[in-house]
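The values are calculated or read from the model by the stated rules, or taken from the named source; none is laboratory data. Keep in mind the model is a prediction, meaning the values are calculated, not measured. All Cβ positions, glycine included, derive from the backbone under ideal geometry; neighbour counts span all protein chains shown. Ligands, DNA and RNA are excluded from the accessible area calculation, which covers all protein heavy atoms including side chains. Shrake-Rupley method; radii C 1.70, N 1.55, O 1.52, S 1.80 Å.
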Amino acid sequence: MKTTPLPKKFLPFALFFIKSQWKWLLLIQFFFFGWSLDSTLWPYVIMKLINSIVNFSGERSEAWQAISTPIYMGIALWITIETFFRLGGILNAKVIPKIEADIRMNMFHYVLRHSHHYFSNQMAGSVANKIADMPQSFTRILEQILMIFSPVFLAIIISTTLLSLINPLFSLILAVGIIIHMSICLFFSKSCDHYSKIHSESRSSLVGKIVDSLTNSSNVRLFARNKFESRYVSDFQKEELKKHQYSLWVIEKMKIGLGLTSFLIFGLAMNGFMLYSWVHGNLTAGEVVFIFNTNWNITMMIWFAGLELPQFFKEIGVCKQALSIIQSPHDIVDDPNAVPLVVRKGKVVFDHVSFQYQKQQSLFNDKNIIIQGGQKVGLVGFSGSGKSTFVNLILRHYDIQRGRILIDDQDIAKVTQDSLREQISIIPQDPSLFHRSLMDNIRYGRLDATDEQVIEAAKRAHCHEFITSLPQGYQTSVGERGVKLSGGQRQRIAIARAILKNAPIIILDEATSSLDSITEREIQAGLEHVMKGHTTIVIAHRLSTLSEMDRILVFDKGKIVEDGTHDGLIKLNGHYAKMWRMQAGGFLPEK
Ligand SMILES: Nc1ncnc2c1ncn2[C@@H]1O[C@H](COP(=O)(O)OP(=O)(O)OP(=O)(O)O)[C@@H](O)[C@H]1O
Ligand SMILES: [Mg+2]
């Protein structure tokens, strides 16, 4: 992985990835010049051969002497070109996939470090599409330069030089034709680039919508919304179709211009002047064949290059569009002087913290809380009162606008994010699992854990029984985001993962909400061992979950309105006591 930051502009980005392979790329370029030799030297060898044949006037059986030189030249040329092509191909097959892999991994690495906020606002499908597009388009651009544009350019130089040896006017006609051809290409290039970028953006967003529908396929089925989803996606498809058609139409307009130039200059002017010169005795038969072949080859080459050009700009457009995911800066970054967090007791302090989500009204205003190391704190409050936000801030998923959050007197904004999150085990409200085996999912909590340690954690989280009852046991794949498990099973896997991690600060955000009361009790007994001496923050709607807590904080619209033990708060007869009384069967009422 590159350690220097990835450049945000296309050209510096391209150079950044080419740099490590530039010697190989130069060699590949050298071999791919074989095409230039093929197109320009063959007409020359054939001219020599025809002139030798035409000028030979002796016995045919003795002609070998006269024609052997061009034949040897031809054989040498054939072998050279074939060798060039094969060597170029072999090197290309080695180097290009390497560059592609390098770009893909670096982009993935960069995108992965985007914040919680970034991913809440992006569609995973669209981001994945860009990570897939970039390396592919980039290497296509590289191959076009190496295999097409540069060889064509060299062929033009060789051909004009050889033609000028016969009559500089032929070189002039060729040069004028090429300049007009290039001008037309460049004239259209801007619009090709522009419209392909627009098309690429709409394709990415279409793919994002398709992936979003597919990942929510259970919702689609449950609400019988197949038709609705098709209609919804087809609106984006219509938009993409329009943009795709327009981007292709611009290319067709360009082709009309190029076709006309080819016909007038390479067809009429060049061949006309050639015939005129022959009629006036200024060209030999061999030269006529040479000029005709050279003209034909160059026309083919630049026509081919011209057709590749829109694709070239299209790929540039795709790359620029894909670059957007690395152009958005990481919004949560480590302080340049960040040090690893060292947790001794696990004391958490909110010191005059103010926070609001972007463009929303303030949620926390000058909040001050001290949670002592090792304390077990329950958070309660109505839905949307800010409990999850409170723990998200401790995890630094968002940066606060004012104040400080301290863990053991270290400002979390001044420590590395990795070290911060390594010290906190969180079991989120809706845990999602990787599309990997159960063993791998649990081991995610501690990568160096042995199978035995994983199984031990699973036993504590009461998931060992159901895992071993599955045909493939711990090797069972859980499906995308863990869909093949029940909500409660998913929660238990997340708990096992957190137990294995054994961090000094533990956060349970509705971690047992999908479990029946009996399983919950059992898991709590398992968790007790892990919570021992560790700071624990438990969010729960089911108040009975919190009865063992040292302290309960009651949230209301971002404010902490009550703070005390269960018994103390019941005695206080305020919000908590009211909730406790209203709770039928252990759950908070809706409002
Ligand atoms: N990523 C976000 N962007 C913008 N606003 C958000 C975001 N996450 C939460 N909010 C808003 O912040 C407020 C507090 O949300 P939070 O998730 O902290 O509530 P909560 O107390 O955990 O609720 P619940 O009990 O339903 O989980 C809500 O009004 C919510 O809409
Ligand atoms: Mg929540």
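Here are a few things to note about the model shown:
- Unique residue being surrounded by fewer than 16 Cβ atoms within 10 Å (Cβ to Cβ) and not assigned by TED's automatic domain parsing to the domain that holds Arg542 when the list is Thr476, Thr450: Thr450
- For region 394-414, filtered to residues that are hydrophobic (A, V, I, L, M, F, W, C) and within 16 Å of ligand 2 (Cβ to nearest atom), the residue that is surrounded by the most Cβ atoms within 10 Å (Cβ to Cβ) is Ile394.
- Members of region 304-360 that are among the β-branched types (Val, Ile, Thr), open to solvent by 30 Å² or more (accessible area, probe 1.4 Å) and modelled with pLDDT under 90: Val333
- Scanning region 225-281 for residues that are within 18 Å of Gln311 (Cα to Cα), of a type in the set (S, T, N, Q) and touching a Phe, Trp or Tyr at 6+ places or on another chain (Cβ under 8 Å) yields a count of 1.
- Condition met for Tyr118 (in contact (Cβ under 8 Å) with a residue 12 or more places away in the chain and of a type in the set (Ser, Thr, Tyr)): yes
- Some residue of region 416-432 being among the small types (Gly, Ala, Ser), in contact with a Pro (Cβ under 8 Å, 6 or more places away or on another chain) and either away from ligand 2 (no atom under 16 Å from the Cβ) or open to solvent by less than 40 Å² (accessible area, probe 1.4 Å) (or both): yes
- Pairs linking a residue in region 364-392 that is on the phi < 0 side of the Ramachandran plot and in a strand (DSSP E or B) to a residue that is more than 8 Å from ligand 1 (Cβ to nearest atom) and charged (D, E, K, R), with Cβ atoms under 6 Å and 6 or more positions apart or on different chains, are Lys376/Asp550; Val377/Arg551.
- Across region 461-473, the number of residues qualifying as within 19 Å of Ala525 (Cβ to Cβ) and open to solvent by 70 Å² or more (accessible area, probe 1.4 Å) comes to 1.
- Screening region 400-409 for residues that are within 15 Å of His352 (Cβ to Cβ) and either out of contact with any Asp or Glu (no Cβ under 7 Å at 6 or more places or on another chain) or among the aliphatic types (A, V, I, L, M) (or both) and picking the one that is farthest from ligand 1 (Cβ to nearest atom) gives Leu406.
- Near pairs, Cβ below 6 angstrom, 6+ apart or cross-chain, from region 506-524 (closer than 25 Å to Ile407 by Cα) to any residue that is open to solvent by 30 Å² or more (accessible area, probe 1.4 Å) and aliphatic (A, V, I, L, M): Ile507/Ile426
- Residue within region 502-516 that is more than 27 Å from Gly374 (Cβ to Cβ), out of contact with any Ser or Thr (no Cβ under 7 Å at 6 or more places or on another chain) and among the hydroxyl-bearing types (Ser, Thr, Tyr) present: yes
- Filter result (crowded, with 18+ Cβ neighbours inside 10 Å and part of a helix (DSSP H, G or I)) within region 532-561: Leu543, Thr545, Leu546
- Of everything listed in (1) modelled with pLDDT under 90; (2) not assigned by TED's automatic domain parsing to the domain that holds Ser189, the single unmet condition for Lys227 is (1).
- Yes/no for Leu553 being within 16 Å of ligand 2 (Cβ to nearest atom), modelled with pLDDT under 85 and of a type outside the set (D, E, K, R): no
- Scanning region 123-148 for residues that are open to solvent by 40 Å² or more (accessible area, probe 1.4 Å) and not polar (S, T, N, Q) turns up Met123, Ala124, Ala128, Ala132, Arg140, Glu143, Ile145, Met147.
- Inside region 255-291, residues that are within 16 Å of Gly177 (Cβ to Cβ) and touching a residue at least 60 places away in the same chain (Cβ under 8 Å) make up a count of 11.
- Checking each residue of region 579-587 against the condition of being open to solvent by 10 Å² or more (accessible area, probe 1.4 Å) and in contact with an Asp or Glu (Cβ under 9 Å, 6 or more places away or on another chain) gives no match.
- Scanning region 474-498 for residues that are more than 30 Å from the chain's Cα centre (by Cα) and either closer than 16 Å to Val530 by Cα or modelled with pLDDT of 90 or more (or both) yields a total of 4.
- Any chance Leu309 is touching a Cys at 6+ places or on another chain (Cβ under 7 Å), aliphatic (A, V, I, L, M) and either in the same structural domain as Thr160 (by TED's automatic domain parsing) or within 17 Å of Val176 (Cβ to Cβ) (or both): yes
- Ile442 vs. criteria aliphatic (A, V, I, L, M), touching a residue at least 12 places away in the same chain (Cβ under 8 Å) and touching a strand residue (DSSP E or B) at 6+ places or on another chain (Cβ under 7 Å): no
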